[in-house]
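Scroll down for the structure; my scribbles are underneath it.
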Amino acid sequence: MTTSALGAPRRSAFGRLLDRAGGGLLQALLVVIGVFWLIPTLGLFVVSIRTETENNSTGWWTALTKPAELTFSSYSNLLATGFTDSFWNTVFITVPTTLLVIGIAAMAAYAFAWMEFPGRDTLFLIVIGLLVVPVQVALIPIAKLYGTLGIFGSIAGVVIFHTAFGLPFAIFLLRNFFAGIPRSLLEAARMDGAGEWKIFSTVVFPLAKPAVASLGIFQFLWVWNDLLVALVFANPENQPMTKALQSQMRQFGTNIDILAPGAFLSLIIPLILFFAFQRYFVQGMMAGSVK
């Protein structure tokens, strides 16, 4: 260890080499963990492009040395079952739900964070309390209400249910993030004559991009992978992929020739979304945790 002219310690070449080696080992370890994390996905894909007879006789890894076994006939059989309609039903349920949750929660969170109105703290405590309410408690009452309103079994009913149960967490997350924005920015905008909507849309919401993006990812994944709500509220013609795959289960067999390609297709969209926006997961988890 030597000292620079300004008195600051200077690391030796050997110390810098150790630092680089440590960083390289860490990166190698993370790569190994990532590979192991992707093995189930790789195995599912290989199973989806093998015949049912081959899957029942040997493990999926044997196909890596026998590429002649691979075929996409299972995907053709899957599409012949009407799985495409279920895919679009999932899209029509997930995308509107995600947009509604983000839009409503962002406006409510701004009100809780920066607007003064009677009962604000009490209402926010109620929102926090709703976080612990399980979905199962509301299934039967909401089903009866939907039957009265005539929307039971429709895509709109599923979207409304997911939106209602997604709002408490979304409001809680965004409110904590909005409260961490410096007050001086809002005061400067008010001095320039901006109203509450102008401040929200041009100052607060753009600054909350990490929290909003991470919330959108979480909400998308929750709704995309949901089965319980779909089983209760979706008719067969409006069923998403999760319910369509569940209906393909045989009583005395796995029906792997249909389930494997269907499961991979339902997995690939969230996987692409995760790799495209993975940095927002950490930012979203930290949003509002510290100021």
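The values are calculated or read from the model by the stated rules, or taken from the named source; none is laboratory data. The structure displayed is predicted, hence computed values, not measured ones. FYI the Cβ positions are ideal-geometry reconstructions off the backbone, even for glycines, and counts take in every protein chain you see. These accessible areas exclude ligands, DNA and RNA; they are computed on the full protein's heavy atoms, side chains included. Shrake-Rupley method; radii C 1.70, N 1.55, O 1.52, S 1.80 Å.
What the table shows:
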| read-out | value |
| --- | --- |
| Qualifying residue in the stretch 154-161 (condition: part of a helix (DSSP H, G or I), open to solvent by 80 Å² or more (accessible area, probe 1.4 Å) and closer than 19 Å to Pro240 by Cα) | yes |
| Any pair with Cβ under 8 angstrom, 6 or more apart, that starts in the stretch 67-87 at a residue that is on the phi > 0 side of the Ramachandran plot and ends at one that is of a type outside the set (Asp, Glu) and open to solvent by less than 50 Å² (accessible area, probe 1.4 Å) | Gly82/Ala244 |
| Count - residues of the stretch 174-222 that are farther than 20 Å from Ala276 by Cβ and among the hydrophobic types (A, V, I, L, M, F, W, C) | 18 |
| Sole exception among (1) loosely packed, with under 11 Cβ neighbours inside 10 Å; (2) of a type outside the set (D, E, K, R); (3) part of a helix (DSSP H, G or I); (4) more than 26 Å from the chain's Cα centre (by Cα) for Gln136, by number | (4) |
| Boolean, Leu100 is open to solvent by 50 Å² or more (accessible area, probe 1.4 Å), closer than 20 Å to Phe218 by Cβ and modelled with pLDDT of 95 or more | yes |
| Options Leu173, Leu186: the member that is within 23 Å of Thr122 (Cβ to Cβ), in a helix (DSSP H, G or I) and under 31 Å from the mean Cα position of the chain (by Cα) | Leu173 |
| Verdict on Thr53 being part of a helix (DSSP H, G or I), within 30 Å of Pro206 (Cα to Cα), out of contact with any helix residue (DSSP H, G or I) (no Cβ under 7 Å at 6 or more places or on another chain) and open to solvent by 70 Å² or more (accessible area, probe 1.4 Å) | no |
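For (1) assigned to a helix (DSSP H, G or I); (2) among the small types (Gly, Ala, Ser); (3) at pLDDT below 85; (4) open to solvent by 30 Å² or more (accessible area, probe 1.4 Å), each residue gets a yes or a no:
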{"site": "Trp197", "(1), (2), (3), (4)": "yes, no, no, yes"}
{"site": "Thr202", "(1), (2), (3), (4)": "yes, no, no, yes"}
{"site": "Val212", "(1), (2), (3), (4)": "yes, no, no, no"}
{"site": "Ile217", "(1), (2), (3), (4)": "yes, no, no, no"}
{"site": "Val229", "(1), (2), (3), (4)": "yes, no, no, no"}
{"site": "Met249", "(1), (2), (3), (4)": "no, no, yes, yes"}
{"site": "Thr254", "(1), (2), (3), (4)": "no, no, yes, yes"}
{"site": "Ile258", "(1), (2), (3), (4)": "yes, no, yes, no"}
{"site": "Ile268", "(1), (2), (3), (4)": "yes, no, no, yes"}
